[in-house]
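Student: Once you've had a glance at the structure underneath, I'll fire off some questions.
The values are calculated or read from the model by the stated rules, or taken from the named source; none is laboratory data. Small disclaimer: the values here were computed from a predicted structure and weren't measured. Here the Cβ positions follow ideal geometry from the backbone for every residue, glycine too, while neighbour counts run over all protein chains shown. Surface areas here come from the heavy atoms of the whole protein model, side chains and all, with no ligands, DNA or RNA. Shrake-Rupley method; radii C 1.70, N 1.55, O 1.52, S 1.80 Å.
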Amino acid sequence: MVFNTGAALLDAIVLAVVSEEKEGTYGYKITQEVRAVLDVSESTLYPVLRRLLKDGCLEVYDMEYGGRNRRYYKITESGRRQLNLYITEWKEYSERITSIFTGRKKP
Amino acid sequence: MTKQEFLEKLAALLQDIPAEEREAALEFYRGYFDDAGEGREAEVIRELESPEKVAEQIKNGLKTGLGTDSYENAGSPYDKNTSSRPVPENYGSYEKQPKKSSGWRTFGIVCLVLFIGIPIGIPVLVTVFALALSALVCVALLAVSVAMVMAAGFFAGIVFLVVGVARLALAPGVALMFCGSGFICLAVGILLLLLLMWVIGRGVPACWRGIKWLCRKIFHRRGGARA
């Protein structure tokens, strides 16, 4: 991966990953799915989840699994709104960059 | 490293963050190991890299809000290549200027050292050295004089006591006076002994350390100028 991922973009991707599951997912699975898209270090994800939780974009609940409590993250209404904002921004941003790459005059 | 060791090390590294945050983080990573599956401990540890890395990420996350910092991608070639990227100043007409200005600067520094550094610096150094040495000598002499007075005190004290005890039967009053003086002298002697021990124990080593520190500073500077 050549380009560094900004904090906002990472937030957007995490929100998108979590929003795919109606009932939410758990930390390990979120990490694996984000890593399928972005080449970020595993230790990066927890602070993002924590921050999204604090900002009300995600909520948590515990559910028993395999004899222990597993913490699930679920997207909130406010989180969905934030995600839609990110998606709109990204569309515009990526289109601008693509156009400058493809519209370039050959030297 | 085992999962337990990893989590314990992480807990230790997170001692300086609020307990609530620490517990939440540890709970997350405990669950992370569990969800990775049985027998995948080592692989998870490899992916997480180290407790230090994890702790660093957590603490950084606590510092910034929804900030604009960027996350380094694992093994990003972009960052590694920045130093070898061609720098604009090397192109075309810009090439000569950087060389000239650095040349003038070196010349300026050399002049400074030659005309100010050496003529002023060396006498100053010598003076400082002399002062340090004389301080050491003063302290030593002080110690010696204290020792002499102390010895005199002890000697006088003993003499007075002996004389006093000897005369005790004949002239008790005078004898008692002698004994008293003897004790006073002894006391003074003991106090001076304590002073002497302090001077030798602290004063002299302090001066010696000061001189060594001076030497180190000077040799450091000299080494730096040569390099």
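Student: Going through segment A:79-102 one residue at a time, which ones are open to solvent by 60 Å² or more (accessible area, probe 1.4 Å) and small (Gly, Ala, Ser)?
Tutor: A:Ser99
Student: Moving on to the next point. All but one of (1) open to solvent by less than 70 Å² (accessible area, probe 1.4 Å); (2) away from every other protein chain (no Cβ under 13 Å); (3) in contact (Cβ under 8 Å) with a residue 24 or more places away in the chain hold for A:Thr76; state the number of the condition that does not hold.
Tutor: (3)
Student: Examine segment B:45-54 for a residue that is over 22 Å from A:Met63 (Cβ atoms), free of Cβ contacts under 8 Å to residues at least 12 places away in the same chain, more than 8 Å from chain A (Cβ to nearest Cβ) and part of a helix (DSSP H, G or I), and state whether such a residue exists.
Tutor: To start, the set of residues in segment B:45-54 that are over 22 Å from A:Met63 (Cβ atoms) comprises B:45-54.
Filter again for free of Cβ contacts under 8 Å to residues at least 12 places away in the same chain, leaving B:46-47, B:49-50, B:53.
From the residues that got through so far, the ones that are more than 8 Å from chain A (Cβ to nearest Cβ) too are B:46, B:50.
If we keep only those that are part of a helix (DSSP H, G or I) as well, we get B:46.
Yes, because at least one residue in segment B:45-54 is over 22 Å from A:Met63 (Cβ atoms), free of Cβ contacts under 8 Å to residues at least 12 places away in the same chain, more than 8 Å from chain A (Cβ to nearest Cβ) and part of a helix (DSSP H, G or I).
Student: Still on this structure: Does A:Leu10 count as under 12 Å from the mean Cα position of the chain (by Cα), open to solvent by 10 Å² or more (accessible area, probe 1.4 Å), at the interface with chain B (Cβ under 9 Å from one of its Cβ atoms) and of a type outside the set (Phe, Trp, Tyr)?
Tutor: Details: under 12 Å from the mean Cα position of the chain (by Cα): yes; open to solvent by 10 Å² or more (accessible area, probe 1.4 Å): no; at the interface with chain B (Cβ under 9 Å from one of its Cβ atoms): yes; of a type outside the set (Phe, Trp, Tyr): yes.
For A:Leu10, the condition - under 12 Å from the mean Cα position of the chain (by Cα), open to solvent by 10 Å² or more (accessible area, probe 1.4 Å), at the interface with chain B (Cβ under 9 Å from one of its Cβ atoms) and of a type outside the set (Phe, Trp, Tyr) - is not met.
Student: Another question, if that's okay. If you go through segment B:193-211, how many residues are open to solvent by less than 100 Å² (accessible area, probe 1.4 Å) and farther than 30 Å from B:Gly157 by Cα?
Tutor: 5
Student: Restricting the first residue to segment A:40-61 and requiring it to be closer than 16 Å to A:Thr5 by Cα, which pairs with a second residue that is acidic (Asp, Glu) meet a Cβ separation below 7 Å and a spacing of at least six or different chains?
Tutor: Once the first residue is closer than 16 Å to A:Thr5 by Cα and sits in segment A:40-61, its partners that are acidic (Asp, Glu) give A:Ser41/B:Glu49; A:Glu42/B:Glu47; A:Ser43/B:Glu49; A:Val48/A:Asp11.
Student: Next question, about the same structure. When the residues of segment B:87-124 are filtered to those that are modelled with pLDDT of 60 or more and among the small types (Gly, Ala, Ser), which remaining residue is nearest to B:Ile218 (Cα to Cα)? Outline the logic, then answer.
Tutor: Just the residues of segment B:87-124 that are modelled with pLDDT of 60 or more, to begin with: B:101-124.
From what's left, among the small types (Gly, Ala, Ser): B:101-103, B:108, B:117, B:121.
Working: B:Ser101: 30, B:Ser102: 27, B:Gly103: 27, B:Gly108: 22, B:Gly117: 13, B:Gly121: 11 Å.
Restricting to residues being modelled with pLDDT of 60 or more and among the small types (Gly, Ala, Ser), the top hit is B:Gly121.
Student: Looking at this structure, is A:Ala36 at the interface with chain B (Cβ under 10 Å from one of its Cβ atoms), over 16 Å from B:Glu27 (Cα atoms) and at pLDDT below 95? Talk me through it step by step, then tell me what you get.
Tutor: Working: at the interface with chain B (Cβ under 10 Å from one of its Cβ atoms): no; over 16 Å from B:Glu27 (Cα atoms): yes; at pLDDT below 95: yes.
So A:Ala36 fails the test.
Student: Would you check if B:Thr82 is modelled with pLDDT under 90, loosely packed, with under 13 Cβ neighbours inside 10 Å and facing another protein chain (nearest Cβ under 7 Å)? Quick ask: steps written out before the conclusion?
Tutor: Values: modelled with pLDDT under 90: yes; loosely packed, with under 13 Cβ neighbours inside 10 Å: yes; facing another protein chain (nearest Cβ under 7 Å): no.
When the stated conditions are applied, B:Thr82 does not pass them.
Student: To continue, here is another question. Please go through segment A:40-59 and pick out each residue that is part of a helix (DSSP H, G or I) and buried (at least 18 other Cβ atoms within 10 Å of the Cβ).
Tutor: Filtering segment A:40-59 down to residues part of a helix (DSSP H, G or I) leaves A:42-54.
Matches in segment A:40-59: A:Glu42, A:Ser43, A:Thr44, A:Leu45, A:Tyr46, A:Pro47, A:Val48, A:Leu49, A:Arg50, A:Arg51, A:Leu52.
Student: If you don't mind, there's one more thing I want to ask. In segment A:14-24, which residues are touching a strand residue (DSSP E or B) at 6+ places or on another chain (Cβ under 8 Å) and modelled with pLDDT of 95 or more?
Tutor: Correct list: A:Leu15, A:Val17, A:Val18, A:Ser19.
Student: Which one is farthest from A:Tyr28 (Cα to Cα), of the residues in segment B:25-44 that are more than 7 Å from chain A (Cβ to nearest Cβ) and crowded, with 17+ Cβ neighbours inside 10 Å?
Tutor: If we take residues in segment B:25-44 being more than 7 Å from chain A (Cβ to nearest Cβ) and crowded, with 17+ Cβ neighbours inside 10 Å, then B:Val44 is farthest from A:Tyr28 (Cα to Cα).
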